[in-house]
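Some notes on the structure that comes next.
What follows is calculated from the coordinates using simple rules that are stated; it is not laboratory data. The structure presented is a predicted model; accordingly, all values stated were derived computationally and were not measured. In this analysis, Cβ positions are derived from the backbone assuming ideal geometry, glycine residues included, and neighbour counts consider all displayed protein chains.
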Amino acid sequence: MDNPGNSYSQALKQIAKTANSALPLRKALNTVAKNTAKAIKAAGCSIMLLNPQKAHLDIIAAHGLSDLYLRKGALNVHKSLPEIMQGKAVAIVDVSQDKRAQYPEAAEMEGICSILGAPLLQKGEVVGEIRIYSHEPKHFSQADKDFLSTVANIVAIALEKSELYRVLKADHEESVTKRRKLTETPKLPSSSLRPSSFSHTSEEEFAKLLDFYRIEWLYEPRSFPLTWQDNKVTEMFTPDFYLPELDLYIELTTLKQSLITQKNRKLRRLKGLYPEVNIKLLNKSDYLRLLAKYGYGPLGETKVEGVNQVLFSHTQIQRRTRALAKRISYNYRGHQLVLIGILKGVVCFMSDLMQHISLPLTVDFMAISYYGSNTEPAVKITKDLDTSIAGLDVLMVEDIVDTGMTLNYVLNHLSSHSPASLRVCTLLDKRVRRLIDVPLDYIGFEIPDEFVVGYGLDYRGEYRNLSFIGALNPELIEKGRRE
Ligand code: 5GP
């Protein structure tokens, strides 16, 4: 049987060895973060330093966290797990329900459910923190807390003894000032982060394409020192773009061979010095292929006709769906679930959601049709459930709730079959148009009053196969009405 004490002592041996190695400090701490997360079987880990005013924590090393999450904003020591500052290891089991989580929404988007943190102590004084992030709800044991506190001690010693500590601190403070400037704006992409001009038209074109697909981007967000002389940086590399959703830096290039060779040399050096950084050198056809690979529509160049704007990218939908599935798995732990969907709009969402629910479950579908007039619409069931739901826990899965009339009708129908429980999970909530107040237990995204298509949702039978959700051009709908 797996003995956690034994695996923790093995992990500590490795972590102490790394912290005591000749590796550059930042690289060593990133490896420590990786090994710590692995030992606790968690998704991620961050190591943070307290700023000189002792008000904020800034991340100096991390593993398994997206750049978007790392850039969510400065952590306030009084708002985020404040007891750690009293020198204790502290755990949060459910980030969405705990007031000690400062950025619950960002955590939920990242799929984080539980957090365990421990202080970095130097001579009894807190100088920073180490935190562990779990995608599954986790009740951390005393052994987990002791392990993390020991790692914290090793990190604190490594920091203190490192000659680079001073340099790192100065470097870190400078980069924090830069990062603060970026994170002051809550939502990306935002106009204040937009460059007034690009250095090349291909960059502008690429930015427009990213905007259309709602892929968040930052322009030249970070410079990587590549060579030093006497502690002074003599060569830097600044990639053109960073795509937080994909945790990917992109350097655009033309087909000019001399430029490609030079850039490739810099990229090789960058990858050697910063192995945790994901970067790609792309020309135009490469980036169209890349967008297609990540599921952004047929191909970037031919924007989808009739779709004005992408509201939720494929990655955003996937991330949100995973977070919902984790919450559902946790809330229904120990139970068997029946998922019920209404054909056909829910097919994509149902398919992705159920794959991430870690419970035994069955699936059933209904079909309905609408009749009556525009002012007095009515719903009828054209395909009922295949199996009985009496005494079972039922989760109604919806693509979109608009006026609430359909859901209200279906919930009444299902209630009459005496399930043990009946709850609702909807990907989209068009709350502004609600006529009947139906209870929604799990909501993917709230949307404004726009007609949306894609990811299963149709307009006159089309658009269901788009991998993203987009707003349909209202003129198209108007034209359709006149026909
Ligand atoms: P409700 O009864 O809540 O008004 O409407 C529910 C149904 O209307 C949904 O299941 C969906 O079929 C359709 N619907 C409402 N809003 C939209 C929309 O923005 N796009 C699409 N494609 N269908 C919608």
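Along the charge dipole of the chain, pointing to its positive end and built from +1/-1 on Cβ of Lys, Arg, Asp and Glu, which listed residue (L148, L392, N331) has its Cα farthest out?
About the Cα centre, the residue reaching furthest to the positive side is L148.
Select from the chain the helices, each a whole stretch of DSSP H, whose alpha-carbon atoms run 18 Å or more along the helix axis and whose Kyte-Doolittle mean is at least 0.0; answer none if there are none. Could the numbers behind the result be given before it?
Details: long enough: 4-19 (22 Å, -0.64); 25-40 (22 Å, -0.07); 142-161 (29 Å, 0.41); 164-183 (26 Å, -1.04); 257-273 (24 Å, -1.05); 314-331 (25 Å, -1.26).
Taking the DSSP H segments of the chain (at least 18 Å long, mean hydropathy at least 0.0), we get 142-161.
Going by the alpha-carbon gyration tensor, a ≥ b ≥ c the square roots of its eigenvalues, is the stretch 66-145 rounded (a/c under 1.5) or, if a/c is not under 1.5, prolate (a/b greater than b/c) versus oblate?
Numbers: a/c = 1.89, a/b = 1.32, b/c = 1.43.
The shape class here is oblate.
Could you state the number of Å between the C-alpha centres of the stretch 404-483 and the stretch 94-125?
34 Å
Across every pair of different alpha-carbon atoms, what Kirkwood hydrodynamic radius in Å does the chain reach? Provide the component values of the computation, followed by the final result.
On the way: mean 1/r = 0.0397 Å⁻¹.
Kirkwood radius, the chain: 25.2 Å.
Before rounding to the nearest 500, sum -39500 (n - 2.57) across all DSSP H runs of length at least 4 in the chain and divide by the residue total; then give [θ] at 222 nm in deg cm²/dmol. Write down the numbers at each step before the final one.
Numbers: 13 runs with 170 residues, N = 483.
Estimated from H runs of four or more residues: -11000 deg cm²/dmol.
Which percent, nearest 5, of DSSP beta bridges in the stretch 393-483 are antiparallel? Spell out each step's value before the answer.
Numbers: 4 of 16 bridges.
So the antiparallel bridges amount to about 25 percent of the total.
Scan around M396 for amide H atoms under 5 Å from its own, H built in the peptide plane at 1.01 Å from N, and keep only partners 5 or more places away or cross-chain.
Correct list: I340, R423, V424, C425.
Need one number: the % of Cα-Cα pairs in the stretch 333-483 sitting beyond the 18 Å mark. Display every interim value, and only then the final one.
Numbers: 6819 of 11325 pairs.
In whole percent, the share of Cα-Cα pairs in the stretch 333-483 beyond 18 Å is 60.
Is the shape of the stretch 58-99 rounded, prolate or oblate, going by the alpha carbon gyration tensor and its root eigenvalues a ≥ b ≥ c, with a/c under 1.5 for rounded and a/b larger than b/c for prolate? Write out the running numbers ahead of the final one.
Numbers: a/c = 1.75, a/b = 1.40, b/c = 1.25.
Verdict is prolate for the stretch 58-99.
For the chain, give the share of DSSP beta bridges that are antiparallel, in percent and rounded to the nearest 5; count only bridges with both residues there. Working shown, then result.
Values: 50 of 77 bridges.
Taking every DSSP beta bridge with both residues in the chain, the antiparallel ones total about 65 percent.
Going toward the positive end of the dipole of the chain, with +1 on Lys and Arg Cβ and -1 on Asp and Glu Cβ, which of I357, I447, H63 do you reach last?
H63
Give me the net charge for the shell around H78: Cβ to Cβ below 13 angstrom, other residues only, Lys and Arg +1, Asp and Glu -1. Intermediate results must be reported in sequence, preceding the final value.
Details: positive: K54, K79, K99, R100; negative: E83.
Summing Lys and Arg as +1 and Asp and Glu as -1 gives +3.
Dividing the alpha-carbon radius of gyration of the stretch 1-118 by 2.2 N^0.38 Å (N being the number of residues), what value is obtained? Intermediate results must be reported in sequence, preceding the final value.
On the way: Rg = 14.8 Å, N = 118, 2.2 N^0.38 = 13.5 Å.
Compared with the compact-globule rule of thumb, the stretch 1-118 sits at 1.10.
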